[in-house]
Amino acid sequence: VDAFQAWCGPCKTVVDLFQKIRNEVGSDLLHFAVAEVDSVDALERYRGKSEPVFLFYAGGELVAVVRGVNAPLLQKTILEQL
């Protein structure tokens, strides 16, 4: 989940990375979503930050968090979680 604030918008650059990885591993294993933290009470703790936060869930549980746009770290985290 790309958790973003309305004033800065979702990270469009990372969408391409997620689509590339999704094509490589198969669409059934990886799902990508965006969430505006100002609109989701459960994401209140991520408000007021100027960097994007990427939340990784498995089985409904938060399993990893990557702060900032770091493509190598995002790719590594995705592959580790899969």
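The values are calculated or read from the model by the stated rules, or taken from the named source; none is laboratory data. The shown structure was predicted, so the numbers you read here are calculated from the model rather than taken from an experiment. Don't worry about glycine lacking a Cβ; one is built from the backbone with ideal geometry, like all the others, and counts go over all protein chains shown. Heavy atoms of the whole protein, side chains included, go into the accessibility calculation; ligands, DNA and RNA do not. Shrake-Rupley method; radii C 1.70, N 1.55, O 1.52, S 1.80 Å.
Per-structure values
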item: Condition met for residue 43 (under 18 Å from residue 80 (Cβ atoms) and open to solvent by less than 50 Å² (accessible area, probe 1.4 Å)); result: no
item: Enumeration of residues in segment 45-67 that are under 13 Å from residue 6 (Cα atoms) and out of contact with any Phe, Trp or Tyr (no Cβ under 6 Å at 6 or more places or on another chain); result: 46, 47, 48, 49, 50, 51
item: Count of segment 55-73 residues which are touching a strand residue (DSSP E or B) at 6+ places or on another chain (Cβ under 6 Å) and modelled with pLDDT under 90; result: 1
item: Any chance residue 5 is touching a residue at least 40 places away in the same chain (Cβ under 8 Å) and surrounded by 13 or more Cβ atoms within 10 Å (Cβ to Cβ); result: yes
item: Segment 33-44 residues that are more than 22 Å from residue 16 (Cα to Cα), paired with ones that are small (Gly, Ala, Ser) and open to solvent by 50 Å² or more (accessible area, probe 1.4 Å) (beta carbon under 8 Å, 6 or more apart); result: 38/6; 39/6
item: Whichever residue in segment 11-29 is open to solvent by less than 40 Å² (accessible area, probe 1.4 Å) and part of a loop (DSSP other than H, G, I, E, B) and, among such residues, is modelled with the highest pLDDT; result: 26
item: Residues being surrounded by 13 or more Cβ atoms within 10 Å (Cβ to Cβ), more than 19 Å from residue 8 (Cα to Cα) and of a type outside the set (A, V, I, L, M, F, W, C) - total across segment 46-75; result: 2
item: Answer from 15, 53, 25 - the residue that is hydrophobic (A, V, I, L, M, F, W, C) and closer than 16 Å to residue 80 by Cβ; result: 25
